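Chemist: Below: one structure in structure tokens.
The values are calculated or read from the model by the stated rules, or taken from the named source; none is laboratory data. A quick note: this is a predicted structure, and the numbers were derived from the prediction, not measured. Cβ sites come from the backbone with ideal geometry, for glycine too, and all protein chains shown count toward neighbours.
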């Protein structure tokens, strides 16, 4: 990652912005009414400042979460490394399909912070699992145990319920495979041996590649499994995740309050949990399109049409540009040339 492709990532960022603007344009075209001008003019801009503070505080809590997860894996990092890690991850996740690109950059950031790359990958993998476990458990409690109605129609509610179950099953399978990542070493060796027999690579090169890949897989598996031995710090990491989710999910209700509407904060926070859980299934950069649609779906019961589009547009632009600007600073801090030793 020493040669970071800024041009490519810039194109991905423009793609994410374009998809977001197209989606918001459709929502505003459907919801804009004459009273929308009055609603916008009467908006309390102090609530916008409060929403920005919530996002900043959320990033700080997330940085602490990274520090706790590293401690659970037997490593120590500074707050600045933790903050750089989460900000860089925010940016890449916001511009890659399935919000999946943040993990490699976060692992590299931890590596630059002094953690061996395989172990850093294990820590990041487990952090991702922990976030998805918490969202899945909360979604199951809200939707199945408490009967929370997320979808506006029975059909959509059924699709959401099925999606939560399928998502939980999928993550259970991925967790099992990741836990046994080191057992993939023989498969790698057989594949490289086949390439040698096909005369695609030389024997010496295949042996060298096999040694490096197998060592990485074993180190990643040990890092992934080793975090479980630091149960107290893993618990702190989980608590930090819950606080971070609460801060992030409070942004939309705060903006809604800025419109002068009464807000049921616990209900609105709960409604966002399944949306954020299932958004990683959307194949657009950063989940663009799905996020806006999901927020419009859950907020439509609380706001009139002339208010709905304004809220969704304001919320999405705020969160998107916060992640792009803050994440861009994190990327600069990560890839700007300086003296910093990485792990082994």
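Chemist: Testing residue 115 on (1) assigned to a helix (DSSP H, G or I); (2) buried (at least 23 other Cβ atoms within 10 Å of the Cβ); (3) in contact (Cβ under 8 Å) with a residue 40 or more places away in the chain, one condition comes back false. Which one is that?
Modeler: So residue 115 meets the others, but not (1).
Chemist: Tally the residues that are surrounded by 16 or more Cβ atoms within 10 Å (Cβ to Cβ) and either part of a loop (DSSP other than H, G, I, E, B) or within 20 Å of the chain's Cα centre (by Cα) (or both), restricting the search to the stretch 155-170.
Modeler: 5
Chemist: Within the stretch 163-174, can one find any residue that is at pLDDT 90 or above, over 16 Å from residue 281 (Cα atoms) and out of contact with any strand residue (DSSP E or B) (no Cβ under 9 Å at 6 or more places or on another chain)?
Modeler: Within the stretch 163-174, none of the residues are at pLDDT 90 or above, over 16 Å from residue 281 (Cα atoms) and out of contact with any strand residue (DSSP E or B) (no Cβ under 9 Å at 6 or more places or on another chain).
Chemist: Hey, another quick one. What pairs come out if I take residues in the stretch 52-77 that are at positive phi and in a loop (DSSP other than H, G, I, E, B) and pair them with residues that are buried (at least 19 other Cβ atoms within 10 Å of the Cβ) and at pLDDT 95 or above whose C-beta lies under 7 Å away, six or more apart or interchain?
Modeler: none
Chemist: Now for a separate question. For residue 263, which of the numbered conditions (1) at pLDDT 90 or above; (2) part of a helix (DSSP H, G or I) fails to hold?
Modeler: (2)
Chemist: Let me ask something additional. Going residue by residue through the stretch 189-209, is there one that turns out to be in contact with a helix residue (DSSP H, G or I) (Cβ under 7 Å, 6 or more places away or on another chain), part of a helix (DSSP H, G or I), modelled with pLDDT of 90 or more and at negative phi?
Modeler: No, because not a single residue in the stretch 189-209 is in contact with a helix residue (DSSP H, G or I) (Cβ under 7 Å, 6 or more places away or on another chain), part of a helix (DSSP H, G or I), modelled with pLDDT of 90 or more and at negative phi.
Chemist: Restricting to the stretch 38-51, and then to whatever is in a helix (DSSP H, G or I) and out of contact with any helix residue (DSSP H, G or I) (no Cβ under 9 Å at 6 or more places or on another chain), can you tell me which residue is surrounded by the fewest Cβ atoms within 10 Å (Cβ to Cβ)? Can you show your working first?
Modeler: Applying the first criterion (in a helix (DSSP H, G or I)) to the stretch 38-51 yields 38-41, 45-51.
Restricting the remaining residues to those that are out of contact with any helix residue (DSSP H, G or I) (no Cβ under 9 Å at 6 or more places or on another chain) gives 41, 49.
Working: 41: 7, 49: 12.
Top of the filtered list is 41.
Chemist: Considering the stretch 61-95 alone, what residues qualify as being surrounded by fewer than 24 Cβ atoms within 10 Å (Cβ to Cβ) and in contact with a strand residue (DSSP E or B) (Cβ under 6 Å, 6 or more places away or on another chain)?
Modeler: Across the stretch 61-95, there are no qualifying residues.
Chemist: Restricting to the stretch 298-315, count the residues that are at pLDDT below 90 and in a helix (DSSP H, G or I).
Modeler: Residues meeting the conditions: 2.
Chemist: Which of the residues belonging to the stretch 280-294 are surrounded by fewer than 22 Cβ atoms within 10 Å (Cβ to Cβ) and assigned to a helix (DSSP H, G or I)? Before the answer, list the steps.
Modeler: Step one: list which residues in the stretch 280-294 are surrounded by fewer than 22 Cβ atoms within 10 Å (Cβ to Cβ), which gives 280-284, 289-290, 293.
Hits for the stretch 280-294 are 280, 281, 290, 293.
Chemist: Please tell me if residue 212 is surrounded by fewer than 16 Cβ atoms within 10 Å (Cβ to Cβ) and within 20 Å of residue 111 (Cβ to Cβ).
Modeler: Numbers: surrounded by fewer than 16 Cβ atoms within 10 Å (Cβ to Cβ): yes; within 20 Å of residue 111 (Cβ to Cβ): yes.
In short, yes.
Chemist: Identify, from the list 227, 273, the residue that is buried (at least 19 other Cβ atoms within 10 Å of the Cβ), closer than 19 Å to residue 146 by Cβ and in contact (Cβ under 8 Å) with a residue 60 or more places away in the chain. Show your work before the answer.
Modeler: Working: 227 fails: closer than 19 Å to residue 146 by Cβ.
When all the criteria are applied, what remains is 273.
Chemist: Within the set of pairs 6 or more residues apart or between chains, which connect a residue that is closer than 11 Å to residue 311 by Cα inside the stretch 22-39 to a residue that is exposed (fewer than 12 other Cβ atoms within 10 Å of the Cβ) and at pLDDT below 85 with Cβ atoms less than 6 Å apart?
Modeler: Nothing qualifies.
Chemist: Could you tell me how many of the residues in the stretch 121-154 are buried (at least 19 other Cβ atoms within 10 Å of the Cβ), assigned to a loop (DSSP other than H, G, I, E, B) and either at pLDDT below 90 or touching a strand residue (DSSP E or B) at 6+ places or on another chain (Cβ under 7 Å) (or both)?
Modeler: 0
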